[in-house]
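Working notes, beginning with the structure itself.
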Amino acid sequence: MFPWALRRLPGPHQEIFRHYKAVRGFIHQEIIRHKLMGPEAPKDFISCYLARITEAEDDPVSTFSEENLIQVVIDLFLGGTDTTATTLRWALIYMVQHEAVQERVQQELDMVLGTTQAVCYEDRERLPYTRAVLHEVQRLSSVVAVGAVRHCVASTRVRGYPVPKGTIVLPNLASVLYDPECWETPREFNPSHFLDKDGNFVANEAFLPFSAGHRVCPGDQLARMELFLTFATLLRTFQFKLPEGSPGLRLEYVFGGTLQPQPQEICAVPRLSSPSSGPREKSL
């Protein structure tokens, strides 16, 4: 109820504020460096945003500012690193837990891609089961059960309930990802949630790990690409299983900035049918 109080209370959470300050300082230095660049310098996100700040100097309602630029870059850092890596860790855990699913993914990869050298993002259209498995990982173990904190800028009503201006809003993504009205087995790992009766991939509007609307994750497409390419490449190259004598998988979350899996050991055994490494035209 009083998030501002966290900054004044002692505890391990203070480490977050120290890291946050360090990241802000790094981004601030990058902004200064970009301001000193010549006009011939390559354009990137920061340089384009700085240009918009300049264009909007006389606009009294413009939201383009250096403070907002810093926060947007922080959001991109958070959304593009830890979340993607955590999703892949959950994916490998589920592949170990569901051996039949792992084998079916590998069979599809072998049958469709053959001995080609690398996976392309365009291949996802020919790999419906692999694609469905990765979507199910994101649905069942979404790394952010609650969307990014928002601030209501104007008073409104949602389904008849008043939401005053200034209200802090936390979208509950988990309520949709586990909704029994949207998913056949909401609490079970089931790739069929994203497959039709003929085995074709089908989208589900309740699949919202990236949130929705104007506040959807800006790294949505990049994350989808990274996840597919990495997951498909790993499953083509290795078989994942528990080491001998392992007590088994631990599926409980570690609560933090994201919902992390428990630390545990998994063996990656090279597959004899995996293709040799090498370049492929149009590969990513």
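The values are calculated or read from the model by the stated rules, or taken from the named source; none is laboratory data. Bear in mind the structure is a predicted one, so any value in this text is a computation, not a measurement. Every residue, glycine among them, receives a Cβ derived from its backbone with ideal geometry; neighbour counts consider all protein chains shown.
Can you find a residue that is in contact with a Phe, Trp or Tyr (Cβ under 7 Å, 6 or more places away or on another chain), crowded, with 16+ Cβ neighbours inside 10 Å, closer than 21 Å to G219 by Cβ and of a type in the set (G, A, S) anywhere in region 116-132?
Narrowing region 116-132 to residues in contact with a Phe, Trp or Tyr (Cβ under 7 Å, 6 or more places away or on another chain): 121, 124, 128, 131-132.
Remaining after also requiring crowded, with 16+ Cβ neighbours inside 10 Å: 121, 124, 128, 131-132.
Adding the requirement that they be closer than 21 Å to G219 by Cβ leaves 121, 124, 131.
Within this subset, residues satisfying the condition of being of a type in the set (G, A, S) are none.
No, region 116-132 contains no residue that is in contact with a Phe, Trp or Tyr (Cβ under 7 Å, 6 or more places away or on another chain), crowded, with 16+ Cβ neighbours inside 10 Å, closer than 21 Å to G219 by Cβ and of a type in the set (G, A, S).
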Test: residue in region 159-169 that is at pLDDT 90 or above and either crowded, with 16+ Cβ neighbours inside 10 Å or in contact with a Leu (Cβ under 6 Å, 6 or more places away or on another chain) (or both): no
Any hit, region 46-56, residues being exposed (fewer than 10 other Cβ atoms within 10 Å of the Cβ) and in a loop (DSSP other than H, G, I, E, B): no
Pairs with Cβ under 7 Å, 6+ apart, first in region 117-139 and assigned by TED's automatic domain parsing to the domain that holds R187, second outside any helix (DSSP H, G or I) and surrounded by 21 or more Cβ atoms within 10 Å (Cβ to Cβ): Q138/P209; R139/P209
Test: residue in region 6-27 that is over 27 Å from the mean Cα position of the chain (by Cα), closer than 30 Å to L251 by Cβ and either not assigned by TED's automatic domain parsing to the domain that holds L259 or not β-branched (V, I, T) (or both): yes
Scope region 230-259; condition over 28 Å from E184 (Cα atoms), surrounded by 18 or more Cβ atoms within 10 Å (Cβ to Cβ) and touching an Asp or Glu at 6+ places or on another chain (Cβ under 9 Å); matching residues: R236, Q239
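Going by the conditions given, is E184 free of Cβ contacts under 8 Å to residues at least 60 places away in the same chain and either part of a strand (DSSP E or B) or under 17 Å from A91 (Cα atoms) (or both)? Walk me through it before giving the result.
Values: free of Cβ contacts under 8 Å to residues at least 60 places away in the same chain: yes; either part of a strand (DSSP E or B) or under 17 Å from A91 (Cα atoms) (or both): no.
Answer is no for this residue.
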Output for region 24-45, where each listed residue is of a type in the set (D, E) and in a helix (DSSP H, G or I): E30
Neighbours by Cβ (under 8 Å, 6+ apart or cross-chain): first from region 42-68, farther than 21 Å from V153 by Cα; second β-branched (V, I, T) and surrounded by 10 or more Cβ atoms within 10 Å (Cβ to Cβ): F45/V73; I46/I31; I46/V73; Y49/V72; L50/I31
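Does T63 fit the bill of being within 30 Å of L249 (Cα to Cα) and under 27 Å from the mean Cα position of the chain (by Cα)?
Working: within 30 Å of L249 (Cα to Cα): no; under 27 Å from the mean Cα position of the chain (by Cα): yes.
Considered against the rule, which asks whether it is within 30 Å of L249 (Cα to Cα) and under 27 Å from the mean Cα position of the chain (by Cα), T63 comes out as no.
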